[in-house]
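Asks: Have a look at this one.
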Amino acid sequence: MIVVPLVFAVLFALALVMPVSDLLALPEVYAFYGIGDAVPWAVLVAAIATPVVLYVLALLLGRGRPPFARALVFTVALAASFALYFGYVALVAAIQPPITF
Amino acid sequence: MVRSSDGPDDELGDSDDEALSWAGDEEQGRAAPRLGSTSDEVVPAAEPAPSEPPGSRRRSVVTGALVVPYLAITVGWILAVQQLSSGSVSIFTEVLWQFGEFLAMLAAPAWFAATLSLTRDSRPLVRLGWLALGLAVLVPWPVILRLLAALQTAGGAS
């Protein structure tokens, strides 16, 4: 049953859109405001790695299970991926240095 | 054959008894008919087999104890998504953001339900481990960080 992993691969790819967009845009924004040295690279990279890691974990955990159980595991992993992403967003906002003009 | 009949009233009963007896039963100590027992003894029913497997009570306790933290996390994420905003004008990003917020709110109940469903035949410790991992992963950081910032601001103002 390759359908469930394929469908969730697309959904996890969607979950990667925002972290990748952040990684591309945030350094420029920080540089524009003069805080280019404070780019939270570790958080940005973790935000990209999280959906990938969770997809692989869900793939491994769901192996040998019926399709519904596999879909359940993937759904939980996808939901956790988004929850962690919002946690990263909040963390970036919290550690951002004050912008001075 | 077994008993002699004393009168016409006993004929019917005796014929029934004869039908339920075999020749030679008296020698073997079986005076009564083989069927048609007259005793009203109630045979005690066999002990019902335990319907719950061993350890299920402990598992239920573990599960019940973790319902409240999971509910708290769910409420935390509902509050968190009220504070978050994509800040994007792109409709695609906005839809994706809303979808992510919906899933973030759903994450804790989904983790709880999936753990209950997938660890049905596992040991209580395994279920506890997965539920504890869910609590650690799904902490609603946006709310907690906002709360910490508010406390810091309040501390700095006073």
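Asks: In what sequence do B:LEU116, B:LEU103, A:LEU44 fall when counting other Cβ within 10 Å, fewest first? Write down the numbers at each step before the final one.
Replies: Working: B:LEU116 14, B:LEU103 23, A:LEU44 19.
Ascending number of Cβ neighbours within 10 Å: B:LEU116, A:LEU44, B:LEU103.
Asks: May I pose another question? How high is the FRET efficiency between B:SER56 and A:ARG63 when r is their beta carbon distance and R₀ equals 30 Å, given to the nearest 0.05?
Replies: Details: r = 27 Å, r/R0 = 0.90.
The computed FRET efficiency comes out at 0.65.
Asks: Same structure again: With θ set to phi - 60° and the Karplus curve 6.51 cos²θ - 1.76 cosθ + 1.60, what are the ³J(HN,Hα) couplings of segment B:135-141 in order, to the nearest whole Hz, using x for Gly and Pro?
Replies: 4, 6, 6, 9, 4, x, 4
Asks: Tell me, what is the percent relative contact order of segment B:58-157, built from C-alpha pairs under 8 Å that lie six or more residues apart?
Replies: Numbers: 58 pairs, mean separation 40.6, N = 100.
Result for segment B:58-157 is 41 percent.
Asks: Next question, about the same structure. List the trypsin sites (Lys or Arg not before Pro) within segment B:76-158 that DSSP assigns to loop and that have no more than 12 neighbouring Cβ atoms inside 10 Å. Before the final figure, lay out the partial values.
Replies: Values: sites: B:ARG120, B:ARG127, B:ARG146; in loops: B:ARG120.
When the trypsin sites (Lys or Arg not before Pro) of segment B:76-158 are filtered for loop state and at most 12 Cβ neighbours within 10 Å, B:ARG120 remain.
Asks: Output the Cα-based Rg and Dmax of chain A in Å, rounding Rg to one decimal and Dmax to a whole number.
Replies: 16.6, 58
Asks: Still on this structure, please answer the following. Need one number for segment B:47-158: average projected area of the convex hull over its C-alpha atoms, nm².
Replies: Numbers: hull surface 41.8 nm².
Across all orientations, segment B:47-158 yields a mean hull projection of 10.4 nm².
Asks: Next up: Measuring from label point to label point, each 7 Å out along Cα→Cβ, what is the A:VAL52 to B:GLU94 span in nm?
Replies: About 3.1 nm separates the two model spin labels.
Asks: Also, I was wondering about something else. If R₀ is 35 angstrom, what is the calculated FRET efficiency for the pair B:SER117 and B:GLN82, using the beta carbon separation as r and rounding to 0.05?
Replies: Working: r = 30 Å, r/R0 = 0.85.
So, using R0 = 35 Å, E works out to roughly 0.75.
Asks: Quick check: Cα centre of segment A:33-51 to Cα centre of segment B:75-146, how many Å?
Replies: Measuring centre to centre over Cα atoms gives 22 Å.
Asks: Let me ask another. Label-point separation (nm) for A:ALA13 and B:ALA65, each offset 7 Å from Cα along Cα-to-Cβ?
Replies: 4.5 nm
Asks: Give the angle, between 0 and 90 degrees and rounded to the nearest 10, that separates the Cα long axis of helix A:3-32 from the longest principal axis of the Cα atoms of chain A.
Replies: Value to nearest ten degrees: 0.
Asks: By counting other Cβ atoms within 10 Å of each Cβ, how are B:GLU101, B:GLU94, A:GLU28 ranked from fewest to most? Mind showing how you got there, number by number?
Replies: Working: B:GLU101 21, B:GLU94 14, A:GLU28 11.
Ordered by Cβ neighbours within 10 Å, fewest first: A:GLU28, B:GLU94, B:GLU101.
Asks: Below 8 Å between Cα atoms, with a sequence gap of 6+, how large is the relative contact order for segment A:1-72 in percent?
Replies: Values: 32 pairs, mean separation 27.4, N = 72.
Relative contact order, segment A:1-72: 38 percent.
Rule-based calculations on the coordinates, nothing more; no lab input. For clarity, every value in this text was computed on a predicted model and none was experimentally measured. Note that we place each Cβ from the backbone using ideal geometry, even for glycine, and neighbour counts take in every protein chain shown.
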